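Bear in mind these aren't lab numbers, they're just calculated from the coordinates by the rules spelled out. None of the values given here were measured: they were computed from a predicted structure. Here the Cβ is made from the backbone with ideal geometry for all residues, glycine too, and neighbour counts use every protein chain on show.
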Amino acid sequence: MVARAAIHQINRLHVSRLSQRLHDLLAGWEGTLGIITHKNPDPDAIGSAMALAAIARNANPQKLACRIFYDGIIGHQENRTMVNLLDIKMEKMEPQTIQDCTYLALVDCPAPGMNNTLSPRTRVHIVIDHHQDGHGLEGAMFVDVRPGIGATASILSQYLQELDIPVDKNVATGLFYGIRSDTRDFRRNVTPQDLSNAAFLLPLTDSDLLDQIMSPSLSQETLDVLGNAIRNRRIRSGYLFANVGFVRNRDSLPQAADLLISLEGVNTALVYGISDDAIIISSRNRDIRLHIGNVLEEAFGDIGDAGGHPNMAAATIPLSYFRRVKNKEELLGLIMDPLLKKFTSLVGLDAEAGNEL
Ligand SMILES: [Mn+2]
């Protein structure tokens, strides 16, 4: 008990010092701080960006301006609703606008070039994240990467608490929704810290806004993708594969994977589709012997962008020359089986005879 209390106290002291260091750093800056979320930003990235901007405003209202940037799309209908309802100004990342920024901060991604389109050599000044440690952060002045915690929004909530900064209802709602959605309603990778941060935020949130964000209308395309995923599913020894065909909105893939992993007898779900310029794969896993992020990285990391957590992961394989092919679904049919071979042999599915995909 005593030891646990002592550790808790030391952690708090550490966070309190970190928060103060961030505040002091921001207070001394002059110019524009560009806050960059990961590609296709999710609620955790968006909420964290809002909160960092709020801390910067509190630390330095006169001389430091903030702009929030993203790349890819804000695809998930809930994320679009969040940005609209919470009145968040997010700009598409352009090389020129990035150069206009005096300072750069990364939230919810670990390093330049990792899950964002910055060149890996870009100097970033602040990194706040909960993914695996990034590299190339030599020039950074403030790095707080905590892979153990459920959401980046959780880290930002701690700063706000420690710094005693008044949290407006939009920021509180954004952060709360960020923690909630990254931990999948407090069920995935959730830590006591995530829960206590959510408890701190809850009375400050706007419950009507939260309700509206969480029950947006389902788009026609998402419904089609879910339908395709259900119809085209193939199951082999607990592994589920589903081809959803051509997709415009890649955010519907993780939704399909979330749905299919809950199917009885399925331990790992892999949903794939094709967009105009890439093959996209989204995967969910509840087999504790398997780290799906590592498997996807090993299977597809050499030909695309792949990786993630033990229980959720994604891959994007650029089509390069094949981008010109008109019939994308036919293309997917031709190349997907050979691509999946690497995956099935890695997880040992090939060893099982008589099990054609
Ligand atoms: Mn996150």
When segment 148-263 is reduced to its Cα atoms, the Kirkwood hydrodynamic radius in Å: 16.2
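Could you please rank E138, E78, E221, placing first whichever residue has the fewest other Cβ atoms within 10 Å of its Cβ? Kindly include the intermediate steps, with their values, before the conclusion.
Working: E138 6, E78 19, E221 15.
Lowest count first: E138, E221, E78.
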Global geometry of segment 171-231, whether rounded, prolate or oblate, following the gyration tensor of its Cα atoms and the 1.5 cut on a/c: oblate
Kirkwood-Stokes translational diffusion coefficient of the chain, alpha-carbon pairs, 37 °C, 0.692 mPa s, µm²/s: 154
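Taking only DSSP H segments of four or more residues, each worth -39500 (n - 2.57), what value at 222 nm results for the chain once the sum is divided by all its residues, to the nearest 500 deg cm²/dmol?
Numbers: 12 runs with 151 residues, N = 357.
About -13500 deg cm²/dmol.
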Q99-F322 pseudo-label distance in nm [points 7 Å out on the Cα-to-Cβ vector]: 3.6
Candidates A314, A49, A151: whichever shows maximal mean-square fluctuation once the chain is modelled as a Gaussian network with Cα springs under 10 Å: A314
Greater than 32 Å apart at Cα, pairs in K39/K328; K92/K342; K89/K341: K92/K342; K89/K341
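In the calculated pair distance distribution of segment 2-214, what percentage of Cα-Cα distances lie above 21 Å? Present the calculation step by step, with values, prior to reporting the outcome.
On the way: 11188 of 22578 pairs.
Distances greater than 21 Å cover 50 percent of the Cα pairs.
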In order through segment 234-244: 3J(HN,Hα) via Karplus (6.51 cos²θ - 1.76 cosθ + 1.60), integer Hz, x for Gly, Pro: 10, 10, 9, 6, x, 9, 10, 10, 9, 8, 9
FRET E, pair S207, D277, Förster distance 35 Å, beta-carbon r, rounded to 0.05: 0.30
Modelled FRET efficiency - R0 45 Å, A199 with E298, Cβ distances, 0.05 increments: 0.70
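Can you put L106, L340 in order, fewest other beta carbons within 10 Å first?
On the way: L106 34, L340 19.
Ranking L106, L340 by Cβ neighbours within 10 Å, fewest first, gives L340, L106.
Would you list M1, M93, M141 from fewest to most Cβ contacts within 10 Å? Could the numbers behind the result be given before it?
Values: M1 5, M93 19, M141 15.
So the ranking, lowest neighbour count to highest, is M1, M141, M93.
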In order through segment 264-273: 3J(HN,Hα) via Karplus (6.51 cos²θ - 1.76 cosθ + 1.60), integer Hz, x for Gly, Pro: 4, x, 9, 9, 9, 10, 10, 10, 9, x
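Provide Rg over Rh for segment 220-346; use the alpha carbon set for both Rg and the Kirkwood Rh (inverse mean inverse pair distance). Intermediate values should be presented prior to the final figure.
On the way: Rg = 13.4 Å, Rh = 14.3 Å.
Using Cα coordinates only, the ratio equals 0.94.
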Convex hull projection area averaged over all views, segment 74-177, Cα basis, nm²: 7.4
Label point 7 Å beyond Cα of A351 along Cβ direction - residues of segment 262-286 with amide nitrogen under 20 Å: 267-269, 286
For segment 135-141, Karplus couplings with θ = phi - 60° (6.51, -1.76, 1.60), whole Hz, Gly/Pro x: 10, x, 9, 4, x, 6, 9
For segment 1-106, alpha-carbon Rg over 2.2 N^0.38 Å: 1.28
Centroid-to-centroid separation of segment 1-70 and segment 310-332 [C-alpha atoms, Å]: 36
For A65, distant residues with modelled amide H under 5 Å away: G31, T32, L33
Within the chain, percent of DSSP bridges classed antiparallel, to nearest 5: 45
Centre separation in Å (Cα based) which lies between segment 209-273 and segment 113-185: 27
